[in-house]
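This report concerns only the one structure given below.
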Amino acid sequence: MQEYPTTQPLTDRAPLAEQPGVYSESALWYGRRVFVKTLVADDPDSLARFQHEGRVAASLRHPLVASLLALTPTQLIFEFIEGGTLRERLECGPLGEAEATEVAAGVLNAVEYLHSAGVTHHDLKPENVMLLGGQPGWQSVRVIDFGMSHSRSLPLDIHSGTRMGTPHFMAPEQFLGVRGDPRSDLYSVGVLLFDCLAGHPPYEDALGWLAGIRERREALPGPEPLHPLIRSALSRDRSERPLSAARMAADLRAARQALGLPDLPLPRPDNLDASA
Ligand SMILES: Nc1ncnc2c1ncn2[C@@H]1O[C@H](COP(=O)(O)OP(=O)(O)O)[C@@H](O)[C@H]1O
Ligand SMILES: [Mg+2]
């Protein structure tokens, strides 16, 4: 990994940051197009959060997770993923059951890897899933944005409420400040699958549901064989959710089979081809 790279901004760039104090842009770096996050705030909290994101991203290597190419104390340089986010794709309308379950299977495969590496993402949502080439298939999935993540190997919890997740995709326990529970990510994948199938998330008043003062959920979308899986992932009580990403992936595979959809040749955690 290069120590102190310099990037050359592209002229057609647009600032894309959701995170305060960070400027995101596409740029040229050694002649290749990259995606760069630059820290522009100078307070110690922003610096600690930014460096945490860099450390987590640098520790990961999986074909369905965006690759960090280089980092400096104030810049994170990622491979540029052409094709837009899953959110942009959903703005054109919901996905059919084959595509929605493929995308969810790709995301779950990446999540299974993250959890095995001791990382919980904590901000899984269509804005943080990119689709390479714009294709809603499992191979196109690239999970991005470790700005909210928790890592078992980085014991310092620097995320003390300065940046909240998105209410629609946030598990109730996360809303209450619990960190590092892999089942919070499974909740978010459940909402993501719901959103892919329905074109909108399950609760109109997500904050009311998180706070426990609203119970009304939209009817489950998609065909019936997917409903037990979605219902269980969306449980308020963590113990009623799938036990692990691997378990949820197996349930999704079984539901696809019941729907007559082909099995997907997803990478196995013990057989990762990081060059894919
Ligand atoms: N590697 C990438 N290639 C291309 N676009 C990206 C890449 N990473 C992020 N983006 C775009 O930039 C947006 C913001 O990046 P993200 O990492 O999610 O930061 P934020 O903390 O601002 O949400 C994403 O929603 C996506 O549109
Ligand atoms: Mg994001």
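Can you confirm whether residue 137 is at pLDDT below 95 and not basic (Lys, Arg)?
The answer is no for residue 137.
If you scan the range 14-29, which residues turn out to be more than 10 Å from ligand 2 (Cβ to nearest atom), in a loop (DSSP other than H, G, I, E, B) and either at pLDDT 95 or above or over 15 Å from residue 84 (Cα atoms) (or both)?
20, 21
Please go through (1) part of a loop (DSSP other than H, G, I, E, B); (2) more than 17 Å from the chain's Cα centre (by Cα) for residue 133 and return the number of the only condition it doesn't satisfy.
(1)
Could you please tell me which pairs satisfy a Cβ distance under 7 Å, a separation of 6+ or placement on different chains, a first residue in the range 110-136 that is more than 22 Å from residue 59 (Cβ to Cβ) and of a type in the set (Asp, Glu), and a second residue that is within 15 Å of ligand 1 (Cβ to nearest atom) and in a strand (DSSP E or B)?
Close Cβ pairs (under 7 Å, with a partner that is within 15 Å of ligand 1 (Cβ to nearest atom) and in a strand (DSSP E or B)) amount to 127/85.
I'd like to check something: does the range 74-92 contain any residue that is within 16 Å of ligand 2 (Cβ to nearest atom), under 19 Å from residue 222 (Cβ atoms), touching a residue at least 60 places away in the same chain (Cβ under 8 Å) and touching a Pro at 6+ places or on another chain (Cβ under 6 Å)?
Scanning the range 74-92, I find at least one residue that is within 16 Å of ligand 2 (Cβ to nearest atom), under 19 Å from residue 222 (Cβ atoms), touching a residue at least 60 places away in the same chain (Cβ under 8 Å) and touching a Pro at 6+ places or on another chain (Cβ under 6 Å), so the answer is yes.
Just checking, does the range 223-237 include any residue being at positive phi and assigned by TED's automatic domain parsing to the domain that holds residue 94?
As a first pass, look at the range 223-237 and keep what is at positive phi: none.
There is no residue in the range 223-237 that is at positive phi and assigned by TED's automatic domain parsing to the domain that holds residue 94.
Return the total of residues in the range 140-169 being at pLDDT 90 or above and either closer than 20 Å to residue 188 by Cα or under 10 Å from the mean Cα position of the chain (by Cα) (or both). Steps first, answer last, please.
Residues of the range 140-169 that are at pLDDT 90 or above, as a first pass: 140-153, 167-169.
Still in the list and also either closer than 20 Å to residue 188 by Cα or under 10 Å from the mean Cα position of the chain (by Cα) (or both): 140-152, 167-169.
Selection size over the range 140-169: 16.
Condition test on residue 187, is it surrounded by 16 or more Cβ atoms within 10 Å (Cβ to Cβ) and assigned to a loop (DSSP other than H, G, I, E, B)?
On the way: surrounded by 16 or more Cβ atoms within 10 Å (Cβ to Cβ): yes; assigned to a loop (DSSP other than H, G, I, E, B): no.
In short, no.
Out of the residues in the range 141-154 meeting the condition of being outside any loop (DSSP other than H, G, I, E, B) and either touching a residue at least 60 places away in the same chain (Cβ under 8 Å) or within 10 Å of residue 106 (Cα to Cα) (or both), tell me which one is farthest from ligand 1 (Cβ to nearest atom). I'd like the intermediate steps shown before the answer.
Start the filter on the range 141-154 by keeping residues that are outside any loop (DSSP other than H, G, I, E, B), which leaves 141-143, 150-151.
Restricting the remaining residues to those that are either touching a residue at least 60 places away in the same chain (Cβ under 8 Å) or within 10 Å of residue 106 (Cα to Cα) (or both) gives 141-143, 151.
Values: 141: 13, 142: 7, 143: 10, 151: 16 Å.
Here the residue is 151.
Mind checking which residues of the range 127-140 are buried (at least 19 other Cβ atoms within 10 Å of the Cβ) and more than 13 Å from ligand 1 (Cβ to nearest atom)?
The initial filter retains those residues of the range 127-140 that are buried (at least 19 other Cβ atoms within 10 Å of the Cβ), namely 128-131, 136, 138, 140.
Answer for the range 127-140, where residues must be buried (at least 19 other Cβ atoms within 10 Å of the Cβ) and more than 13 Å from ligand 1 (Cβ to nearest atom): 136, 138.
Of all residues being of a type in the set (D, E, K, R) and over 13 Å from residue 6 (Cα atoms) in the range 17-32, which is nearest to the chain's Cα centre (by Cα)? Just the residue, please. Before the answer, list the steps.
As a first pass, look at the range 17-32 and keep what is of a type in the set (D, E, K, R): 18, 25, 32.
From what's left, over 13 Å from residue 6 (Cα atoms): 18, 25.
On the way: 18: 14, 25: 19 Å.
This residue is 18.
The values are calculated or read from the model by the stated rules, or taken from the named source; none is laboratory data. All values reported here derive from a predicted model rather than from experimental measurement. Don't worry about glycine lacking a Cβ; one is built from the backbone with ideal geometry, like all the others, and counts go over all protein chains shown.
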